[in-house]
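See below for the structure under consideration.
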Amino acid sequence: MSKEKTAKIINKAPCKRLYERVLDVKDFCRIIEKHGDRVLFTYFDKKRQLHDVTYGEFTAKVKSLAAALTDKGYAGKRIAIIGETSVDWVASYLAVLASGGVAIPLDKELEISVIEGFMDSVDADALIYSASFNGKFANAVRDHSSLSLFIAMAPSEAELALGDKVVALGSLYEKGAELVKAGYVIPDVENRDRLAEFLFTSGTTGTSKCVMLSQKNIFSVVTSAAATVDFTPDDTIVSLLPIHHTYELACMLAGMDYGMHICINDSITHVLKNLQIFKPTGLVLVPLYIYTFYKKIWAEAKKSGRDKKLKLGITAARSLLKVGVDKRRDLFAEVLNSFGGRLEKIVCGGAALNPRMIEFFDTLGIAIYEGYGITECAPLTCVVPYYKRKYASVGPSVPCCQVRIAQGYKNDKGYMEGEIQVKGDNVMLGYYNNPEATAEAFSEDGWFRTGDVGYLDEDEYCFITGRLKTVIVLENGKNVFPEEIEEYLGNIETIAECAVIGRQNGSEVNLTALIYPDTTKFKEGTTMAEMHQVIQNAINDLNKTLPTYKHIKIVELRATEFEKTTSRKIKRHLLK
């Protein structure tokens, strides 16, 4: 961890306005409906034409779909949602909650067999899916064990021809609108502690855990984010991260609570172009985007021969700030224009961020606020407040929870360092059908054990220094469980033993496979280099079947077996 550095204290009051506390989905819909004709979403269609949806129009969609689901007998049911970020995706999520159901956001990058397996494991009753999945659930329509309704956001004729189980989302909106006119209202939430969402951790159906969240969990985070982060109804943000990820979804809901304008990015290849179109004032990102922006800024400066000018500008800006003069928007106008010209702040989470990045962007006039969360905490637990920032810290706990350090050891800064534990309204109900894992996740006195290591300073700011868990956190915020990748590697006959680690290389984390080859599968006299090539080829084939972020980038062979415990488990702490 880099040496702690205290940033400039921004002279603002901690609370700029009083926020209505969001207790449940009905409260949330009531609050966002008050924003009326303000534009909520702006998005591209397939022809890259822009369209707006107001808060009033969006709330009507949520109410209509909730009414239609209730009318079809799916109130209180378990409904999965999959697809790209869209108005329909967010409306579907809220409508499921509003009708008393359990929402199941799914990762669109997973294989169809894994997706179907996840839905089977929680007895999902229905699935709402985007056009990119048309035709992919044909087998599930015929014989999935629990799904009885398939709601297509934009169905083709072939999709609707699959049978009566398949309906168009548009038709449900229309039917629901009639029911709303006839008097349907979102019912009161009688029990905020009741199950409201299933979230799968990374892995296959055999290795993934299923996190159970309540409406209290979900909306306590929305309220805490709105009360802590420096955004206002006048802000515009661009949604760049996958919507099924609880970090992106929670931040989007908080933005809606504010009454902000949210623009939807249509492709990762269009990010910079879209930022210039949407002209955001703020962004919610993972570190990978920060590093990419940083590299892009310097690459463009060198390409145009202005890298020396940029360096001089950085020196000048820092010198002027020391005497109370802020000329950053003028000095770096060209750089800021590449992000639309209005970008002032970024909330960054999902993985550790090099403090140098925060300092660099701060010099440009873009403040970065780090946060810390975990799926089991819905996910927000800490965030650096806008009125008192500290580099390298993820900030104090947010209002809905408390953070403590379990008994550990005194570090070289004089603080007690140990496991970070959380208690509060954001902490999950437990893992579905997994009482053993649930019990292990909590301390004897009821605090959630994050598996991360860190310390709290004298201001109760949290600093993360390591991880107890084996999970590998990539620079884009994706979590990779080594056990899952090792399971795949175990199917390669030329591998006797293996272990997967994340090896840091600058700002990147490379998935590295440590391999002990099965020499019996090779001819006598085969060299280690030849074995390496055979195994590398097999792993290249394996990579083609996995999402890009799970690709093994480095393969290293070893001549001896791994050191193991008495139960024959590899001693992971010895891996390097």
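What follows draws every value from the coordinates through simple rules; no lab data is involved. Since this is a predicted model, take the numbers as computed values, not measurements. Reconstructed Cβ throughout: ideal geometry from the backbone, glycine too, with neighbour counts over all protein chains shown.
Computed with the Debye formula from one identical point scatterer per Cα of the chain, without solvent, the log10 of I(q)/I(0) at q = 0.08, 0.12 Å⁻¹ comes to -0.59, -1.31. Projecting the Cα positions of P233, G313, I264 onto the charge dipole of segment 232-334 (unit charges on Cβ atoms of Lys, Arg, Asp and Glu, taken about the Cα centre) puts G313 furthest along the positive direction.
A cut-off under 10 angstrom between Cβ atoms defines the neighbours of M260, and their net charge, with Lys, Arg +1 and Asp, Glu -1, is -2.
Dividing the mean sequence gap of close Cα pairs (under 8 Å, 6+ apart) by how many residues segment 281-467 holds gives a relative contact order of 16 percent.
For segment 481-574, calculate the relative contact order in percent as a whole number, restricting contacts to Cα pairs under 8 Å that are 6 or more residues apart.
Computed value for segment 481-574: 27 percent relative contact order.
Checking every one of the GluC sites (Glu not before Pro) in segment 170-257 against DSSP loop status and a limit of 11 other Cβ atoms within 10 Å picks out E190.
Here the Karplus curve 6.51 cos²θ - 1.76 cosθ + 1.60, taken at θ = phi - 60°, turns the phi angles of segment 512-529 into couplings of 10, 9, 8, 10, 9, x, 8, 5, 5, 8, 10, 5, 4, x, 5, 7, 4, 5 Hz, with x standing for Gly and Pro. Put a plus charge on the Cβ of each Lys and Arg, a minus charge on the Cβ of each Asp and Glu, and nothing anywhere else: the dipole of the chain about its Cα centre is then about 2300 debye.
Net charge around G446, counting only other residues with Cβ within less than 15 Å of its Cβ (Lys, Arg = +1; Asp, Glu = -1)? Taking every Cβ under 15 Å from that of G446, the sum is -4.
Between segment 290-345 and segment 498-576, the alpha-carbon centres lie 42 Å apart.
Taking other residues whose beta carbon is less than 11 angstrom from the beta carbon of L272, and scoring Lys, Arg as +1 and Asp, Glu as -1, yields +1.
Cross-link list K296/K327; K273/K311; K303/K327; K423/K571; K296/K388; K63/K209: which exceed 27 angstrom alpha carbon to alpha carbon? Checking Cα-Cα distances, K423/K571; K296/K388; K63/K209 exceed 27 Å. The helix-based estimate of mean residue ellipticity at 222 nm for the chain, built from -39,500 (n - 2.57) per DSSP H run of four or more residues and divided by its residue count, is -9500 deg cm²/dmol to the nearest 500.
When both bridge partners sit in the chain, DSSP labels roughly 60% of those beta bridges antiparallel. The GluC sites (Glu not before Pro) of segment 494-576 that meet both conditions, a loop assignment by DSSP and at most 14 other Cβ atoms within 10 Å of the site Cβ, are E524, E561, E563. Per residue, the convex hull spanned by the Cα atoms of segment 281-467 amounts to 146 cubic angstrom. In loop segments of segment 350-422 as defined by DSSP, the trypsin sites (Lys or Arg not before Pro) with at most 16 further C-beta atoms inside 10 Å of their C-beta are K413.
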